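Some notes on the structure that comes next.
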Amino acid sequence: MRTDARRHHDPQVRGFASDNYAGAHPEVLAAIALANGGHQVAYGEDDYTGHLQRVMHSHFGPTAEAFPVFNGTGANVVALQALTDRWGAVICAESAHINVDEGGAPERMGGLKLLTVPTPDGKLTPELIDRQAYGWDDEHRAMPQVVSITQNTELGTVYTPDEIRAICDHAHERGMKVHLDGARIANAAASLDVPMRTFTNTVGVDVLSFGGTKNGALFGEAVVVLNPDAVRAMKHLRKLSMQLASKMRFVSVQLEALLAKDLWLRNARHANAMAQRLAEGVQAIDGVEILYPVQANAVFARLPHAVSERLQKRFRFYFWDETAGDVRWMCAFDTREDDVDAFLQALKEEMVR
């Protein structure tokens, strides 16, 4: 019986459900092949992981240390564990990925408490943080020890460097540390047109969850420690959290492929540009409302529920709030202008049915 691998999908089909739907960038696949062959020391003592450290230094400074992991939830759980005591809590936006989309992993696996704050646009502010930043000496309340923000946010909005600096200063003044979930950090940097350090270590972020998968990697993220004094026992926590890859070279070489030159930025700029093209086209369609500023690679819109259901039969995308009729359309590094234009044409057709 033949068991040869065969293609089970049409590679010309692309939708707007998630940048996780995209495949790996060809340059990333080539890097994986380059790292293959022969033997390399396991568990991060390989040449590729060593070189990744130097690449990370070029982006985040000489004290940055990267701990490659398998996925974004793993990165966030490991990072937050490293920043908190067993009685610690993390302040985050109500819409934060760690609160909404990680299956309770930070609380169930990380053993910490999330203290959430409603936000109008997915972004925390010092004033919003203070709604939960109290009770440090109250043994009846989990102790606020970390502020976690997402850049760009789950609603597609982007913090400015000054906004993050204000958050970091505010948190540090109250004895708290700052974690940044950077699943789409490349899209934020492309939107702001600044280096990633400008809104991370330069403004006071202590630990970063660096995202690779949504930016063209096959799999793999990294916990990047920007302030070594803020964490403890990172390598032990990574292992304890089942995020230590034995063949780590294949994670590290992907991040190196993205970061060593400008692939990360090219991919992010393209995804952002496709979202702008989509938003501009949507604005010309009566009956469709864009909900938040389109600042990265996401477009959030409100339209008749029945229209969305019909459109989903032609293109994949998700409801964000099905009751309100809110949807999310995501663009990726491989989204094409023709994809956007075909989607807009389908949307126009369904709106007039």
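The values are calculated or read from the model by the stated rules, or taken from the named source; none is laboratory data. Everything numeric in this text was worked out from a predicted model, so none of it was measured. Neighbour counts are summed over all protein chains in view; Cβ atoms, including those assigned to glycine, are modelled from backbone coordinates with ideal geometry. Please note that ligands, DNA and RNA were not included when accessible areas were found on the heavy atoms of the full protein model with its side chains. Shrake-Rupley method; radii C 1.70, N 1.55, O 1.52, S 1.80 Å.
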Mean Cα-pair separation over length for the chain, i.e. relative contact order, pairs under 8 Å, 6 or more apart, %: 23 percent
Pairs from 177/261; 214/239; 214/261; 313/348; 123/261 whose Cα-Cα separation, in the structure shown, is over 22 Å: 177/261; 214/239; 123/261
Looking at the square roots a ≥ b ≥ c of the eigenvalues of the Cα gyration tensor of the stretch 295-353, which shape do they give, rounded for a/c under 1.5, prolate if a/b is larger than b/c, or oblate? oblate
Of the heavy-atom accessible surface of the chain (probe 1.4 angstrom), what whole percent is carbon and sulfur? 50 percent
Cα-based Rg / Dmax (Å) for the stretch 100-147: 12.0, 33
Heavy-atom accessible area order for 136, 329, 264, 87, largest first, 1.4 Å probe: 87, 136, 264, 329
Taking R0 as 41 Å and r as the Cβ-Cβ distance between residue 127 and residue 6, the FRET efficiency 1/(1 + (r/R0)^6), rounded to the nearest 0.05, comes to 0.15
Taking the C-alpha atoms of the stretch 1-67, convex hull volume expressed per residue in Å³: 186 Å³
What Kirkwood radius, in Å to one decimal, follows from the Cα pairs of the stretch 82-189? 13.9 Å
³J(HN,Hα), Karplus 6.51/-1.76/1.60, whole Hz, each residue of the stretch 100-105, x for Gly, Pro: 9, 10, 10, x, x, 4
Taking a point 7 angstrom from the Cα of residue 17 along the C-beta vector, which residues in the stretch 320-343 have backbone N less than 15 Å away? 320, 328-332
List residues of the stretch 178-215, by number, whose backbone nitrogen lies under 17 Å from a label position 7 Å along Cα→C-beta of residue 229. 178-179, 201-207
Cβ neighbours within 10 Å, averaged per peptide: list 120-130, 281-291, 150-160 in order, most packed at the top. 150-160, 120-130, 281-291
Given all pairs of distinct Cα atoms, the chain yields a Kirkwood Rh in Å of 21.1 Å
Prolate/oblate/rounded call for the stretch 124-283, Cα gyration tensor, a/c under 1.5 rounded: oblate
How long are the three semi-axes of the equivalent ellipsoid of the stretch 214-270, in whole Å, if each is the root of 5 times an eigenvalue of the C-alpha gyration tensor, listed from largest down? 25, 15, 9
Which shape class, rounded, prolate or oblate, goes with the stretch 1-120 when its Cα gyration tensor gives a ≥ b ≥ c as root eigenvalues, a/c under 1.5 marks rounded, and past that a/b bigger than b/c marks prolate? oblate
Note on the chain: helices (DSSP H) long enough, at least 27 Å by alpha carbon along their axis, and hydrophobic enough, mean Kyte-Doolittle at least -1.0, are 263-283
Just the accessible area per residue of the stretch 1-62, please: how many Å² with a 1.4 Å probe? 69 Å²
Ranked highest first by the average count of other Cβ atoms within 10 Å around their residues, in what order do 316-327, 197-208, 98-109 fall? 197-208, 98-109, 316-327
If each of residue 94 and residue 63 carries a label point 7 Å out from its Cα toward its Cβ, how far apart are those two points in nm? 3.7 nm
What's the extension gain from residue 246 to residue 261 if we count 0.36 nm per residue and subtract their Cα-Cα distance? 2.8 nm
For the stretch 1-37, run through the trypsin sites (Lys or Arg not before Pro) and keep only the ones in DSSP coil with at most 14 other Cβ atoms within 10 Å of their Cβ. 2, 6, 7
So, taking all protein chains as they sit and a 1.4 Å probe, how much accessible area belongs to residue 70, in Å² rounded to tens? 80 Å²
